[in-house]
Amino acid sequence: MKGYEAETFGELNAETYDALTEERMAAETRDSVQTLFELAGGGKVLELAIGTGRVAIPLAKRGLAVQGIEASEEMVAKLREKPGGSDIPVTIGDMAEVRLTETFDLVYLVFNTIFNLTTQDAQIRCFQNAARHLGANGVFVIETVVPDFSEYVDGQRIKGSWATLDAARFEIAIHDRVAQTVAFQRIIIREDGIQMTPHFMRYAWPSELDLMARLASLERRDRWAWWDRSPFTADSKSHVTVYGPSPHP
Ligand SMILES: C[S@@+](CC[C@H](N)C(=O)[O-])C[C@H]1O[C@@H](n2cnc3c(N)ncnc32)[C@H](O)[C@@H]1O
C-alpha cells in the first residue's frame, strides 16, 4: 500500500488505541503480562514496538527494568501521559534497525506486530535485530495470529461490523498471496461523511517465522497456542513462540 510507512499506524490510531484495546483486550493483556513476567526471570526487558505501553507499563509496575523501541512519536506521547509511562526509556525508530548498546534477558514483540513490517526482508532484519539485543541466556518472544483466509473469496473479504439507522462500519481486505500481504480499509459511513482507516500487513506462517529465527541464529524453544501456555495444534488460531540463541549458529 503506497504511502503506508512505519509511522502510519500511530498517526491513524494513537488517539483511539487505548480505548479500543482496554475494552477488547483486558484479559489478553493480563495473561501476556503474567507469562512475559515469568519469562523475564527478573531480568532486563526490551519491547519492540512498545506503542502506548499496554504491556510494558504493567511489566514495569511489577519491578522489571523495561525499555522500548517504537516508530511512532504519537503512540509514545500516549505512553508518556500514563502513570509510570515517563520512566520507561523509549528509542524512536524502526524495530528492525535501531541498535541499543545494551543486551536484555527478554525481548518481545506481541499483538501480530512483526506483520507491521511489510516485507520478508524487514521481518528477517527484525529477528536479527532482536537476536543482537539478547544476552547469552536471553529469549525472544513473539505472538501472532496463524493466518486464516477461510472467509476470503477470490482474494478479498468484505465484512460488516455494525449498522445503525444512519451509519455503518465495514472492512475491506485485499489479499496478495504471493507477497503475503493484506491491504485493509476500515470504513465508517455516516450522513455527514465517510471515515477511512487503512492498515497494511505482511503475514508469515509459524514455520516461516522459525526460518527467520534460524537466519538470525536463534532456535525455537517453545510454542504455545496462547499466553496460558496451552498446546499449539493444527487448529490453533494464534501462537506465542519463544526463541533463544542457537548453540549451533
Ligand atoms: C498493534 S500496535 C502494538 C503496540 C504494543 N506492542 C501493544 O501490544 O499494545 C503496533 C505498534 O507497532 C508500531 N510499529 C509499526 N511499525 C513499526 C516499526 N517498523 N518499528 C517500530 N514500531 C513500529 C506502531 O506504531 C504501533 O505502536
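Which of the residues that make up the range 52-73 are open to solvent by 10 Å² or more (accessible area, probe 1.4 Å) and closer than 21 Å to W226 by Cβ? Listed by number, the residues that qualify are R54, P58, R62. Would you please name the residue that is farthest from the chain's Cα centre (by Cα), looking only at residues in the range 154-170 that are open to solvent by 70 Å² or more (accessible area, probe 1.4 Å) and of a type in the set (A, V, I, L, M, F, W, C)? It comes out as L165. Restricting attention to the range 1-38, the residues that are open to solvent by 40 Å² or more (accessible area, probe 1.4 Å), more than 9 Å from the ligand (Cβ to nearest atom) and either touching a Leu at 6+ places or on another chain (Cβ under 7 Å) or among the aromatic types (F, W, Y) (or both) total 1. Of all residues in the range 74-89, those that are open to solvent by less than 30 Å² (accessible area, probe 1.4 Å) and either closer than 23 Å to L134 by Cβ or within 12 Å of the ligand (Cβ to nearest atom) (or both) total 4.
Looking at the range 114-131, can you tell me whether even one residue there is more than 16 Å from the chain's Cα centre (by Cα), more than 10 Å from the ligand (Cβ to nearest atom) and β-branched (V, I, T)? Within the range 114-131, none of the residues are more than 16 Å from the chain's Cα centre (by Cα), more than 10 Å from the ligand (Cβ to nearest atom) and β-branched (V, I, T). Of P58, P89, all but one fail to be in contact with a strand residue (DSSP E or B) (Cβ under 9 Å, 6 or more places away or on another chain) and not charged (D, E, K, R); the exception is P89. If you check I92 against the conditions, is it near the ligand (Cβ under 10 Å from one of its atoms) and open to solvent by 60 Å² or more (accessible area, probe 1.4 Å)? So I92 passes the test. Could you grab the pairs with beta carbons closer than 6 Å, sequence gap of 6+ or different chains, first residue in the range 1-14 and within 9 Å of M75 (Cα to Cα), second one open to solvent by less than 30 Å² (accessible area, probe 1.4 Å)? What qualifies is G10/S72; G10/M75; A14/M75. The set of residues from the range 215-242 being touching a helix residue (DSSP H, G or I) at 6+ places or on another chain (Cβ under 9 Å) and basic (K, R) comprises R220, R223, R229. Residue pairs whose Cβ atoms lie under 7 Å apart, separated by 6 or more positions or on different chains, with the first residue in the range 201-216 and touching a residue at least 40 places away in the same chain (Cβ under 8 Å) and in a helix (DSSP H, G or I) and the second open to solvent by 10 Å² or more (accessible area, probe 1.4 Å) and among the β-branched types (V, I, T), are P206/V146; M212/I124; L215/I124.
The values are calculated or read from the model by the stated rules, or taken from the named source; none is laboratory data. Predicted model, so just to flag it, every value in this text is computed and none were measured. As a convention, Cβ positions derive from the backbone with ideal geometry for all residues, glycine included, and neighbour counts pool all protein chains shown. Note: areas computed on protein heavy atoms with side chains; ligands, DNA, RNA excluded. Shrake-Rupley method; radii C 1.70, N 1.55, O 1.52, S 1.80 Å.
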